[in-house]
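A short write-up of the structure that comes next.
The values are calculated or read from the model by the stated rules, or taken from the named source; none is laboratory data. Computed from a predicted structure; not experimentally measured. So basically every Cβ, Gly included, is an ideal-geometry build from the backbone, and we count neighbours across all protein chains shown.
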Amino acid sequence: MSLLIDKYNRKIEYIRISVTDRCDLKCLYCTPKDSDSHSRRRAILRFEEITRIVRCFADMGVSRVRITGGEPLVRKDMVSLINQLSHINGINDLAMTTNATLLSKYAIDLKNAGLKRVNISLDTLNPETFKMICGCGELNNVLEGIRDAVNAGLTPVNLNTVVMRGLNDNELIDIVHFAIENGANIRFIECMPVRRIVNLSKERFISIKEVKSLVESHFELEPAKSSGGGPASYFRVKGETIKIGFISPVTQHFCESCNRVRLTAEGILRLCLGYKDGIDLRDYIRSGISDESLKEIIMKIMQNKPQGHQFSNDKCIPIEQSMSMIGG
Ligand code: SAM
């Protein structure tokens, strides 16, 4: 088996797949209201096409898959896709990122279909702030979804909080308490610059260093082992079982150990979050290409994976499209 190794000697073992660019929330750092996310409508990949692509990646040593969006649970029949992916040889970590508004309905079926774990966005515990950040939707549905995911055994449940000054930075301690009470890990994330909201992300930006000191002023943290090879640095709250992760894509990027690629809902394989370029796998598979040729193309294109993004330096190059389009 040939492994996917890029020219910087990074082994690619993780693919994040957006199954739709649609979302039932309009988070202001992700899918601004005037978003163009649905204007460029090409047919999205069918489930059997996604499964075929994942099988090719698994043949080249990819073992981890994350389903994301948009909001993956707004696409019909997600349980069936999870079931197909969970049967692919070599895939031993199958996860989903969701806003959890619909998770109560699907948690048990997803678990039974082979989903191992979920990351759930939770930026606030305040219903009014929720409306302000997410534009619509009901916080209660999200909180129920979190509890149902924990009860269904989707372990671990990781809560993701994008921290924004003046919006939710006063809630970090409450959010940690909520995580402890519900047996979920919590990860605080720096807001990344997206072209359409670059001013918002500048004004509201808080570095993860500041976030960590805020948390440390209330909780005693001990270093913890990171699981899953992701970008978070993890700590344990003394005396508790849950972990707190700090993710700093802007101030301390982790590009040198990047092990991932992204597949958009329309089948574009993106090699780096910071660069728009990608390769259209949908066209290849619809033109009748064999698996072997597809793998060769993927192997070759991997050599173009950029060394890293440029979110933090003076010449900050923001992310071209919203995360809901790329697959966050
Ligand atoms: N709808 C799902 C959700 O809300 O979790 C999955 C898609 S969402 C694009 C995936 C993740 O991207 C979320 O955790 C969200 O917080 C994160 N995200 C989106 N825009 C971001 C930004 N500008 N900076 C940091 N994280 C962002």
Sort out which residues of region 216-244 are under 20 Å from residue 156 (Cβ atoms) and in contact with a helix residue (DSSP H, G or I) (Cβ under 6 Å, 6 or more places away or on another chain), and write them in order of number.
240, 242
Name the residues in region 42-74 that are assigned to a loop (DSSP other than H, G, I, E, B) and surrounded by fewer than 18 Cβ atoms within 10 Å (Cβ to Cβ), would you?
42, 43, 46, 61, 63
Consider region 210-262. How many of its residues are assigned to a loop (DSSP other than H, G, I, E, B) and closer than 21 Å to residue 327 by Cα?
12
With the requirement that a residue be small (Gly, Ala, Ser) and more than 15 Å from the chain's Cα centre (by Cα), what does region 226-280 give you?
226, 227, 233, 239, 257, 267, 278
Residue check: is residue 274 touching a His at 6+ places or on another chain (Cβ under 8 Å), at pLDDT below 90, under 19 Å from residue 190 (Cα atoms) and more than 16 Å from the ligand (Cβ to nearest atom)?
no
Return only the number of the condition from (1) closer than 18 Å to residue 234 by Cβ; (2) touching a Gly at 6+ places or on another chain (Cβ under 9 Å); (3) not charged (D, E, K, R) that residue 102 does not satisfy.
(1)
Under 7 Å between Cβ atoms, which residue pairs at least 6 apart in sequence (or on different chains) link something in region 8-22 that is among the aliphatic types (A, V, I, L, M) with a partner that is part of a loop (DSSP other than H, G, I, E, B) and within 10 Å of the ligand (Cβ to nearest atom)?
17/327; 19/69
Under the condition of being in a helix (DSSP H, G or I) and of a type in the set (Ser, Thr, Tyr), which residue from region 280-308 is farthest from residue 48 (Cα to Cα)?
293
Any residue in region 198-206 that is hydrophobic (A, V, I, L, M, F, W, C) and either without any contact (Cβ under 8 Å) to a residue 12 or more places away in the chain or in contact with a helix residue (DSSP H, G or I) (Cβ under 8 Å, 6 or more places away or on another chain) (or both)?
yes
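Let's see how each residue does on (1) free of Cβ contacts under 8 Å to residues at least 12 places away in the same chain; (2) under 21 Å from residue 94 (Cα atoms); (3) not acidic (Asp, Glu):
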position	(1), (2), (3)
109	no, yes, no
121	no, yes, yes
126	no, no, yes
130	no, no, yes
136	no, no, yes
140	no, no, yes
154	no, yes, yes
160	no, yes, yes
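Here is a yes/no grid of residues against (1) among the small types (Gly, Ala, Ser); (2) within 15 Å of the ligand (Cβ to nearest atom); (3) exposed (fewer than 15 other Cβ atoms within 10 Å of the Cβ):
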| position | (1), (2), (3) |
| --- | --- |
| 116 | no, no, no |
| 150 | no, no, no |
| 168 | no, yes, no |
| 188 | no, yes, no |
| 203 | no, yes, yes |
| 208 | no, yes, no |
Given 290, 257, 324, which one is among the polar types (S, T, N, Q) and buried (at least 18 other Cβ atoms within 10 Å of the Cβ)?
324
Pairs, first under 30 Å from residue 241 (Cβ atoms) and of a type outside the set (A, V, I, L, M) in region 186-197, second near the ligand (Cβ under 7 Å from one of its atoms) and in a helix (DSSP H, G or I), C-beta under 6 Å, six or more apart:
191/201
